[in-house]
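Any read-out appearing in this document is the output of simple, stated calculations on the displayed coordinates, not a laboratory observation. Here the structure is a predicted model, which is why all the values come from computation and not from measurement. Ideal geometry is used to build each Cβ from the backbone, glycine not excepted, and the neighbour counts take in all protein chains shown.
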Amino acid sequence: MKAIEIKPDIFWVGAIDWAVRDFHGYVTSNGTTYNNYLILDKQVTLMDTVKHDFAEITINNIKNLVEPSKIANVVINHIEPDHAGGIDKIMAFTPDATIYITDRGKKGLDRHFNTSRWNFKIVKTGNTLNIGKYNLLFIETPMLHWPDSMVTYVKEAKLLISQDAFGQHYASSSRFDDEFVTCESMAQLEDSVIDYYANILMPFGQLIKAKIAEIQKLGLEISMIAPDHGIIWRQNPPKVLNMYLDMANGKADLRIVIIYDTMWHSTERMTIPITDGIRDEGVDCKIIKLRTTPMSVAIKELWKSRACLIGSPTLNNVMFPSVAEFLTHLRGLRPKNRIAGAFGSYGWGGGAVKEAYEEFRKMGLEIYEPGLQVLYNPSSDDETKCYEFGKEFAKKVKEYHKKF
Ligand code: FEO
């Protein structure tokens with residue numbers, strides 16, 4: 001896709017990755033984009049690069065606008081390889097350009113490239129760069145989502161180049177939010193924002209709130225947010241800002257997601273009466289089986305829901321491997337403002353349900369106890385217990401949801 005002017009003399013020159021379905025373990029069923037931006041000013045300035053494999057695409061986009069040797073400045077907002085991986089190919093055209101980067105960014109880049117041949121200028125929050133008619137303001141955003149991260153504000157364009165923040169893994173021939181005109185397409189875009197937040201930014205809600213407050217305090221007028229993935233927010237930047245604030249404040253639907261795995265269908269059978277109990281309390285419920293559902297989808301659905309029930313058979317006195325893997329991954333994402341319970345089947349000795357609760361405690365989740373265990377197949381008595389378990393859990397979730 002050719003370069004697109006997003007503001008006067010500021011161009012999207014990125015690449016669309018229609019084919020990627022596994023982004024370091026995160027399933028990207030809609031592909032993604034690697035966005036970077038070229039400012040044609042007195043000093044030609046490139047904002048970020050792209051993933052190494054896509055460097056030729058951005059170089060061609062740049063060449064259609066200007067000789068890459070004319071690039072005077074390269075701003076690296078974030079060193080993760082999907083954005084900085086192409087820097088060596090860019091710098092080959094313009095070895096004397098200055099790279100603007102945070103201190104941690106430089107240290108990280110040193111571990112990926114032979115940087116001794118390049119010129120660097122280390123920047124901090126509040127530092128500015130005049131490149132002609134445009135002034136750039138750098139704002140560090142450490143741990144959003146890497147230590148090196150920063151965003152760049154182009155003052156005269158009222159443009160926030162926000163690196164991963166506000167992005168989505170969403171490959172599309174559209175570049176702007178206002179091109180998503182049907183309710184269905186907008187819902188899909190919003191879902192991609194939630195998906196990205198849940199899988200990448202969930203651990204950093206407090207930092208997100210603080211950073212948005214800091215930017216608001218600076219009084220920056222923002223008419224466009226241009227992230228490094230997905231769609232550019234041209235028509236309605238407050239929409240994505242508010243979505244982030246809502247999620248950082250713990251927004252979730254009054255809904256229970258059951259995430260389970262099963263060996264011989266016993267744990268699976270338990271989900272049916274549990275769901276009946278939940279629904280009879282008027283609470284929406286979604287069921288996800290691990291191994292047949294990508295983990296990143298399960299994470300997104302959990303994040304959209306106020307509560308989760310984890311179902312696991314006991315295997316050799318511990319949780320089923322896929323469930324253990326899921327909970328370990330979830331613990332790293334540090335979910336908050338969610339309530340959890342567990343259930344499962346066992347043969348000669350339990351253990352999985354107890355372990356699931358140990359994981360919930362490590363995460364600091366609100367807990368619904370006791371969990372429910374069934375010996376081998378659920379009998380009709382057990383099914384009644386499952387139904388009651390679902391009902392009581394749903395009652396507790398409704399109470400808990402009122403806090404938000
Ligand atoms: Fe899209 Fe943190 O890289």
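Along the charge dipole of the range 256-401, Cβ charges K/R +1 and D/E -1, which of PRO273, THR384, LEU365 sits furthest on the positive end?
Comparing the listed Cα positions along the dipole, LEU365 ranks first.
Exposure proxy check: MET47, MET270, MET202, MET1 ranked by fewest other beta carbons within 10 Å?
Details: MET47 27, MET270 30, MET202 22, MET1 14.
With the fewest neighbours first, MET47, MET270, MET202, MET1 line up as MET1, MET202, MET47, MET270.
Using the crude model of +1 on Lys and Arg Cβ and -1 on Asp and Glu Cβ, and no other charge, please compute the dipole size for the chain relative to its Cα centre, in debye to 20. Walk me through the numbers on the way to the answer.
Values: 48 positive and 50 negative charges, 200 e Å.
Its charge dipole is roughly 960 debye.
Filter the cross-link list LYS107/LYS300; LYS289/LYS403; LYS336/LYS402; LYS289/LYS398; LYS70/LYS106; LYS158/LYS239 down to pairs whose alpha-carbon distance in this structure exceeds 21 Å. Please report the intermediate quantities before stating the final value.
Working: LYS107/LYS300 33 Å; LYS289/LYS403 29 Å; LYS336/LYS402 15 Å; LYS289/LYS398 24 Å; LYS70/LYS106 23 Å; LYS158/LYS239 16 Å.
The pairs that break the limit, which is 21 Å between Cα atoms, are LYS107/LYS300; LYS289/LYS403; LYS289/LYS398; LYS70/LYS106.
Quick one: dipole size for the range 95-184, taken about the Cα centre, charges +1 on Lys/Arg Cβ and -1 on Asp/Glu Cβ, in debye to the nearest 20. Intermediate values should be presented prior to the final figure.
Numbers: 11 positive and 11 negative charges, 114 e Å.
Approximately 540 debye in magnitude.
Just to verify a number: FRET efficiency for LYS124 and ALA210, C-beta to C-beta distance, R0 = 25 Å, to 0.05? Each step should come with its number before you reach the end.
Values: r = 17 Å, r/R0 = 0.68.
So, using R0 = 25 Å, E works out to roughly 0.90.
Under a plain spin-label model, where a point goes 7 Å from the Cα along Cα-to-Cβ, how far apart in nm are GLU221 and LYS402?
Here the answer is 4.6 nm between the modelled labels.
Just the number, please: percent antiparallel of the DSSP beta bridges in the chain, rounded to the nearest 5. Walk me through the numbers on the way to the answer.
Numbers: 28 of 67 bridges.
Expressed as a percentage, antiparallel bridges in the chain total about 40.
So if each residue of separation counts as 0.36 nm, and I subtract the Cα-Cα distance between ASN60 and SER173, what length gain in nm does that give?
On the way: separation 113, 0.36 × 113 = 40.68 nm, distance 1.76 nm.
Separation in residues times 0.36 nm, less the Cα-Cα distance, equals 38.9 nm.
Take MET143, project a point 7 Å from its Cα along the Cβ direction, then tell me which residues of the range 326-363 have their backbone nitrogen under 20 Å from it.
329-338, 362-363
Would you please state which residues of the range 231-255 a label at VAL181 would reach in this model, taking the label point 7 Å out along Cα→Cβ and a backbone N cut-off of under 18 Å?
Label zone hits: 232, 234-236.
Counting other C-beta atoms within 10 Å, and keeping those with at most 13, which DSSP coil chymotrypsin sites (Phe, Trp or Tyr not before Pro) do you find in the range 1-97? Intermediate values should be presented prior to the final figure.
Details: sites: PHE11, TRP12, TRP18, PHE23, TYR26, TYR34, TYR37, PHE54, PHE93; in loops: TRP18.
Filter output for the range 1-97: TRP18.
Please work out whether the range 4-248 counts as rounded, prolate or oblate from its C-alpha gyration tensor, where a ≥ b ≥ c are the square roots of the eigenvalues and a/c under 1.5 means rounded, while otherwise a/b larger than b/c means prolate and anything else oblate? Intermediate values should be presented prior to the final figure.
Values: a/c = 1.38, a/b = 1.27, b/c = 1.08.
Here the range 4-248 falls in the rounded category.
Hey, if you put +1 on the Cβ of every Lys and Arg and -1 on every Asp and Glu Cβ in the range 4-248, which of SER173, MET202, VAL75 ends up farthest toward the positive end of that dipole?
Going by the Cα projections, it comes out as VAL75.
How big is the dipole moment of the range 245-395 about its Cα centre under a simple scheme where the beta carbon of each Lys and Arg is +1, that of each Asp and Glu is -1, and everything else is neutral? Debye, nearest 20, please. Spell out each step's value before the answer.
Numbers: 20 positive and 20 negative charges, 125 e Å.
Dipole size: approximately 600 debye.
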